[in-house]
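> To start, I am sharing the structure in question, which I have written as structure tokens.
The values are calculated or read from the model by the stated rules, or taken from the named source; none is laboratory data. As the structure is a computational prediction, the values presented were derived from the model and not from experiment. Positions of Cβ are generated from backbone atoms using ideal geometry, with glycine treated the same way; all protein chains shown enter the neighbour counts.
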């Protein structure tokens, strides 16, 4: 069969759920036996998400091949239970650079290089290339931002061109917000009507509207959409607010969206098999008898007067996955590391577990170090992720080894005890200010020591985790740490770098720091063993 293309655009507001919509549609089509490849197109000129502050655009999702992508790529992985990579994630910066580099190499043979067709050709090339590489039946294309933004106009033009050139093989799904103003008490369809009109002005008529709203759409609203958006009422799909995003595929399936897509594309109607997913939903909705409280001491929660969950999206997902599997309910408390620095560890209280997650730079680090010490001294289960592992090492050096002023050279280049430092290769990058894409990225294999917590969790002597960092444990201090009871339970195969540190169970119920990022490999049906072990310890 010819490859089929499904474009998914957004309307009215950003963050409306295009990513989970793409993931849900891909899941349903895969569950029906079709081979699916999703791809996300971002508006920004960054080459990837690696240099973007998490507060600006959410937690960059780290792929197995080292791609630093948008968090929607994480949704694709979790719903499809497949690894994504560089072919699934494109930025406008990548597109521009590719075209300009090609022009500089005289590959356009003297043509005047213009936005159309050269930018749109490159966009289409990426879409078609992904389909060919994956031998996909469906390529599902998420268009970043919302309809009407000047930054993404070329993506929409590429969609129009592909529709024109591939009649019968292209669908356009528009995900849009339907607000219900509290002083009116009824859903308003006008914002979506206007965003559809914007699509029409670009030569695009959506085949489906997925209406994001607080509650299910009623028939009156469907009829209004149909009348003013030039559509049939049955092609207006309701996607109300739900307790879990993992419920979305089943809501869409209940409205036969998967079958309607297949029918419009003249493909055999196949039943999607979702039994395992339905069982997952039962676990999610079933409140565990045991509740654990986890304090997360981080530095990217604040955005103005509001707190932002997306800065640690993968971490919250990984906690949920483990809790659902174990039948435990969870309460997370978000604690600003800067406040712990200034006010003290009293802010942490008496949780069942403490997590110190990713971070960069000096701001708030003293609070994170205090949190690592607090959990160790008070026998509270502790999980340090990347920066949280490094700062647990700093805390141990200060408290147990007596190395006053011990630190990472990231925060104090002149520290007398650089227990965390840059390795030579990274020094070269930093001197050149080569920040983008130069960290230790992607999957790295490690050797795990037997008779350790790490070995008990992984149940193997070889494992691999995704990495995203520059600074490393300073091997010069290995003997000092081990003599005082710090266990180095895993080292990298290639460079003998410290991957996991822990304390023996005879000393502490659960104290583990990992240089890798297990949160990016956790899946709803396959929770990560490190998070399972941590939550078990918290519940105990």
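> Going through the stretch 381-402 one residue at a time, which ones are free of Cβ contacts under 8 Å to residues at least 40 places away in the same chain and either not in a helix (DSSP H, G or I) or not assigned by TED's automatic domain parsing to the domain that holds residue 489 (or both)? Step through it out loud before you land on a result.
Here is the first cut: in the stretch 381-402, the ones free of Cβ contacts under 8 Å to residues at least 40 places away in the same chain are 391, 394-395, 398-399, 402.
Passing the criteria: only 402.
> For the stretch 450-463, which residues satisfy the criterion of being within 15 Å of residue 503 (Cβ to Cβ) and surrounded by fewer than 17 Cβ atoms within 10 Å (Cβ to Cβ)?
Answer for the stretch 450-463, where residues must be within 15 Å of residue 503 (Cβ to Cβ) and surrounded by fewer than 17 Cβ atoms within 10 Å (Cβ to Cβ): 451, 456.
> For the structure I just gave you, tell me whether residue 67 is within 24 Å of residue 467 (Cα to Cα), surrounded by fewer than 14 Cβ atoms within 10 Å (Cβ to Cβ) and touching a residue at least 40 places away in the same chain (Cβ under 8 Å).
no
> Please state which of the following conditions residue 294 fails to meet, knowing it meets all the rest: (1) buried (at least 20 other Cβ atoms within 10 Å of the Cβ); (2) in contact with a strand residue (DSSP E or B) (Cβ under 9 Å, 6 or more places away or on another chain); (3) modelled with pLDDT under 95; (4) not assigned by TED's automatic domain parsing to the domain that holds residue 33.
With respect to (1) buried (at least 20 other Cβ atoms within 10 Å of the Cβ); (2) in contact with a strand residue (DSSP E or B) (Cβ under 9 Å, 6 or more places away or on another chain); (3) modelled with pLDDT under 95; (4) not assigned by TED's automatic domain parsing to the domain that holds residue 33, residue 294 is out only on (3).
> Restricting attention to the stretch 96-132, which residues are surrounded by 15 or more Cβ atoms within 10 Å (Cβ to Cβ), closer than 21 Å to residue 66 by Cβ and touching a residue at least 40 places away in the same chain (Cβ under 8 Å)?
Listed by number, the residues that qualify are 126, 130.
> Within the stretch 500-516, take every residue that is at pLDDT below 95 and buried (at least 18 other Cβ atoms within 10 Å of the Cβ) and give me the one that is farthest from residue 313 (Cα to Cα).
Filtering the stretch 500-516 for residues that are at pLDDT below 95 and buried (at least 18 other Cβ atoms within 10 Å of the Cβ), the one farthest from residue 313 (Cα to Cα) comes out as 515.
> Still on this structure, I have one more. Going by the structure shown, is residue 24 under 17 Å from the mean Cα position of the chain (by Cα), surrounded by fewer than 22 Cβ atoms within 10 Å (Cβ to Cβ) and over 20 Å from residue 86 (Cβ atoms)?
Numbers: under 17 Å from the mean Cα position of the chain (by Cα): yes; surrounded by fewer than 22 Cβ atoms within 10 Å (Cβ to Cβ): no; over 20 Å from residue 86 (Cβ atoms): yes.
Against the criterion (under 17 Å from the mean Cα position of the chain (by Cα), surrounded by fewer than 22 Cβ atoms within 10 Å (Cβ to Cβ) and over 20 Å from residue 86 (Cβ atoms)), residue 24 does not qualify.
> So how many residues does the stretch 127-165 have that are more than 28 Å from residue 194 (Cβ to Cβ) and assigned to a loop (DSSP other than H, G, I, E, B)? Reasoning before the result, please.
Narrowing the stretch 127-165 to residues more than 28 Å from residue 194 (Cβ to Cβ): 128-139, 165.
Within this subset, residues satisfying the condition of being assigned to a loop (DSSP other than H, G, I, E, B) are 135-137.
Adding up the residues that qualify gives 3.
> Moving on. Say we look at the stretch 343-363 and pick out the residues that are outside any loop (DSSP other than H, G, I, E, B) and touching a residue at least 24 places away in the same chain (Cβ under 8 Å); which of these is surrounded by the fewest Cβ atoms within 10 Å (Cβ to Cβ)? Full working, then the answer.
First, the residues of the stretch 343-363 that are outside any loop (DSSP other than H, G, I, E, B): 343, 345-347, 353-356.
Narrowing the set further to residues that are touching a residue at least 24 places away in the same chain (Cβ under 8 Å) leaves 345, 353-356.
Numbers: 345: 18, 353: 24, 354: 28, 355: 27, 356: 32.
Going through the qualifying residues, I end up with 345.
> Closer than 16 Å to residue 171 by Cα, in contact (Cβ under 8 Å) with a residue 24 or more places away in the chain, assigned by TED's automatic domain parsing to the domain that holds residue 177 and surrounded by 13 or more Cβ atoms within 10 Å (Cβ to Cβ), is that true of residue 267? Walk me through how you get there before you give the answer.
Details: closer than 16 Å to residue 171 by Cα: yes; in contact (Cβ under 8 Å) with a residue 24 or more places away in the chain: yes; assigned by TED's automatic domain parsing to the domain that holds residue 177: yes; surrounded by 13 or more Cβ atoms within 10 Å (Cβ to Cβ): yes.
Yes.
> I'd like the residue in the stretch 41-56 that is touching a residue at least 40 places away in the same chain (Cβ under 8 Å) and either assigned to a helix (DSSP H, G or I) or assigned by TED's automatic domain parsing to the domain that holds residue 363 (or both) and, out of all such residues, is surrounded by the most Cβ atoms within 10 Å (Cβ to Cβ).
54
> Residue pairs, Cβ under 6 Å, 6 or more apart or interchain, first in the stretch 148-165 and over 13 Å from residue 127 (Cα atoms), second assigned to a helix (DSSP H, G or I). List them.
148/198; 154/119; 154/120; 157/120
> Given the residues 187, 179, which is the only one that is in the same structural domain as residue 88 (by TED's automatic domain parsing), assigned to a loop (DSSP other than H, G, I, E, B), farther than 25 Å from residue 32 by Cα and touching a strand residue (DSSP E or B) at 6+ places or on another chain (Cβ under 6 Å)?
187
> Taking the stretch 478-498 only, how many residues are touching a residue at least 40 places away in the same chain (Cβ under 8 Å), loosely packed, with under 14 Cβ neighbours inside 10 Å and more than 25 Å from residue 466 (Cα to Cα)?
2
> Please go through the stretch 240-258 and give me each residue that is assigned to a helix (DSSP H, G or I) and surrounded by 14 or more Cβ atoms within 10 Å (Cβ to Cβ), ordered by number.
So in the stretch 240-258, the residues assigned to a helix (DSSP H, G or I) come out as 245-254, 257-258.
The answer is 245, 246, 247, 248, 249, 250, 251, 252, 253, 257, 258.
> Sort out for me the helices (runs of 4 or more DSSP H) sitting completely within the stretch 450-540 that have 2 or more residues that are in the same structural domain as residue 385 (by TED's automatic domain parsing) and under 27 Å from the mean Cα position of the chain (by Cα). I'd like the intermediate steps shown before the answer.
Numbers: elements: 453-458, 478-483, 529-539.
Filter on the stretch 450-540 gives 453-458, 529-539.
Listed here are the residues, each with its yes/no results for (1) assigned to a helix (DSSP H, G or I); (2) in contact with a strand residue (DSSP E or B) (Cβ under 9 Å, 6 or more places away or on another chain); (3) over 30 Å from residue 273 (Cβ atoms); (4) at pLDDT 95 or above.
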{"residue": "1", "(1), (2), (3), (4)": "no, no, no, no"}
{"residue": "6", "(1), (2), (3), (4)": "no, yes, no, yes"}
{"residue": "10", "(1), (2), (3), (4)": "no, yes, no, no"}
{"residue": "117", "(1), (2), (3), (4)": "yes, no, yes, no"}
